[in-house]
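Have a look at the structure below, then the notes.
Values in this text are rule-based calculations from the coordinates and carry no lab data. From a predicted model like this one, the values you see are computed outputs, not experimental measurements. Here the Cβ positions follow ideal geometry from the backbone for every residue, glycine too, while neighbour counts run over all protein chains shown.
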């Protein structure tokens, strides 16, 4: 039997402190928490930075390090620093060193890096060892070279290798969401289907319970299945909340691909030993080829945005036409005055209140009270984007619907009117890479930190 | 005809990675599930999201009273044309769809 304590769906999201203390008192075998995902977009991977504040991460990580010391078991984080790129692993390692020094802890910390040099991925591509997943973009050597970060998603094998060093803390770069939870049950020979299924249900913490914000859950894995229990007193896991979790952020609710195979929960049976716990048996692990998924992000331009708000009723009623007119005029003026080719830049006016969320897919045509005009200028360089936004500026301020009417003035919330967004990144990989040795694409290091 | 959102307890859309979108329609009971299951036409859903019908995946899950659709994201997450980083706003289209 292996007991895994999961404090929250991600480090930085917060959790119920009492529930964490209860989980520690239950003597877990490991504490595992996820540190990120692609869900906040490509900029974090592109820059190799965390979405959450250093202060919040530090505060929560300190509590987990203290919980670990009390429990006397390993603490593992996957996808450190939102994106799991190598600089994000270093970032969390620095925080860990600071806390260890402040708390007088002497620790063995393993770092597992998932970063991939473009040369390795290009060689694999040339050797036919990279395959696209459904809806993957086209890739080439040039695109791989342009990526500021490429990561491979580590699985249970690499986390197992990190745990085998005897580390007190494992800081892993990009991993699958499930690997940090499944690794120890798999090492100990618990049921493989249960290990992956329980890990999938548990990776978002208490999201698969009636109190998602309480965070803390405990999962017991054994030879035939797993039992999940939330640690907050008012929270309950039910066969419905647990089985419905396979839907979450999963394109197929029955199959989950991992390095080295896939999980199939078609035959899983969910039962309730009591009102708070759920027991699951019958999930199946199907071994397959050893592949790791790749993610990469590259810069495709730079952006400056401007925001104005139109409240005048007549302008609100004609906002689409007005915006189309401004866009055409400004596009022409940028090309003429800045000497940019049309293919090098874009001018977009996103109409907040009209269709800013859905764009051309919007089906409703109701008129709002006011319309936010979000001007988005995308150019090859940051300087060009800033310059282009200044060409848009007078139109956002004063452009009339017709030639023969008094000059309007719209509401600008800020001075200066423009905001520099910096680089625009794109995800450019949705592929898997074959590996003969799971560790071939990952770098494991063991460090001694702190004193005491 | 009725608006789908008025019949069901929740329609949720989320990214399933940067390149896929998944939409879950949660019904309260088997009768509603049956009505929604019969009333939802795959071709109409594909049109609503402007995706190729061949790429639309559908799961009718009676055990959960859930109908689930997955499709390549209408716009890849985080690209210049993306308007909704987490993909949650796309649920509104199905929620406001009229079904028989």
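Counting only other chain Cβ atoms within 10 Å of each residue's Cβ, the peptide A:237-248 averages 3.
Remark: mean inter-chain Cβ contacts per residue of A:355-362 equal 5, using a 10 Å Cβ-Cβ cutoff to other protein chain atoms.
Taken along the Cα-to-beta-carbon direction at a fixed 7 Å, the label points for residue B:81 and residue A:451 span 6.0 nm. Counted by neighbouring Cβ atoms within 10 Å, the residues A:378, B:79, A:176 run from fewest to most as B:79, A:378, A:176.
Compared with the alpha-carbon gap, the fully stretched path from residue A:70 to residue A:267 is longer by 67.1 nm at 0.36 nm per residue. As a length-normalised measure over Cα pairs under 8 Å and 6 or more apart, the relative contact order of the range B:42-100 settles at 23 percent.
Rounded to the nearest 500, the helix-only mean residue ellipticity at 222 nm of chain A stands at -9500 deg cm²/dmol, with each DSSP H run of n ≥ 4 adding -39,500 (n - 2.57). Taking the centroid of alpha carbons for each part, the range A:208-243 and the range A:12-59 are 18 Å apart. Compared with the alpha-carbon gap, the fully stretched path from residue A:437 to residue A:313 is longer by 38.1 nm at 0.36 nm per residue. One quarter of the surface of the convex hull around the alpha-carbon atoms of the range A:1-155 equals 11.0 nm², the direction-averaged projected area.
Highest-first packing order for the peptide set A:387-396, B:38-47 is A:387-396, B:38-47, based on the mean count of other beta carbon atoms within 10 Å. For the range A:322-367 versus the range B:1-42, the inter-centroid distance based on Cα atoms is 33 Å. For the peptides B:91-97, A:431-437, the ranking by packing is B:91-97, A:431-437, with the highest mean count of neighbouring Cβ atoms within 10 Å listed first. All Cα-Cα separations within the range A:297-427 were binned at 5 Å from zero, giving a P(r) of 2, 11, 20, 22, 20, 15, 8, 2, 0, 0, each value a whole percent of the pairs.
Relative contact order, whole percent, for the range A:297-427 stands at 46, derived from Cα pairs under 8 Å and 6 or more residues apart. Here the residues A:231, A:105, ranked from fewest to most Cβ neighbours within 10 Å of their Cβ, fall in the order A:105, A:231. Take the alpha-carbon centre of the range A:383-452, take the same for the range B:76-92, and report the distance between them in whole Å. Comparing the Cα centres of the range A:383-452 and the range B:76-92, I get a distance of 15 Å. Each residue, residue A:120 and residue A:98, gets one label point 7 Å from its Cα in the Cβ direction; the gap between the two is 2.9 nm.
Given the Cα-Cα distance of residue A:133 and residue A:381 and 0.36 nm per residue of separation, how much length would full extension add, in nm?
Gain on extension, residue A:133 to residue A:381, equals 86.1 nm.
Shown for B:1, A:338: other C-beta atoms within 10 Å of each C-beta, ranked fewest to most, produce the order B:1, A:338. Computed from the Cβ-Cβ distance with R0 of 30 Å, the FRET efficiency linking residue A:321 to residue A:409 stands at 0.95. Label 7 Å along Cα→Cβ of residue A:223; the range A:1-24 residues with amide nitrogen under 20 Å? Residues passing the 20 Å test: A:1-4. Shape descriptor for chain A: Rg over Rh equals 1.05 (Cα atoms; Rh from the Kirkwood inverse mean 1/r).
The mean count of C-beta atoms from other chains within 10 Å of the C-beta of residues in B:8-21, rounded to a whole number, is 5.
Here the calculated FRET efficiency for residue B:53 and residue A:286, from their Cβ-Cβ distance with R0 = 25 Å, stands at 0.30, rounded to the nearest 0.05. Highest mean packing comes first when the peptides A:343-355, A:13-25 are listed by Cβ atoms within 10 Å, giving A:13-25, A:343-355.
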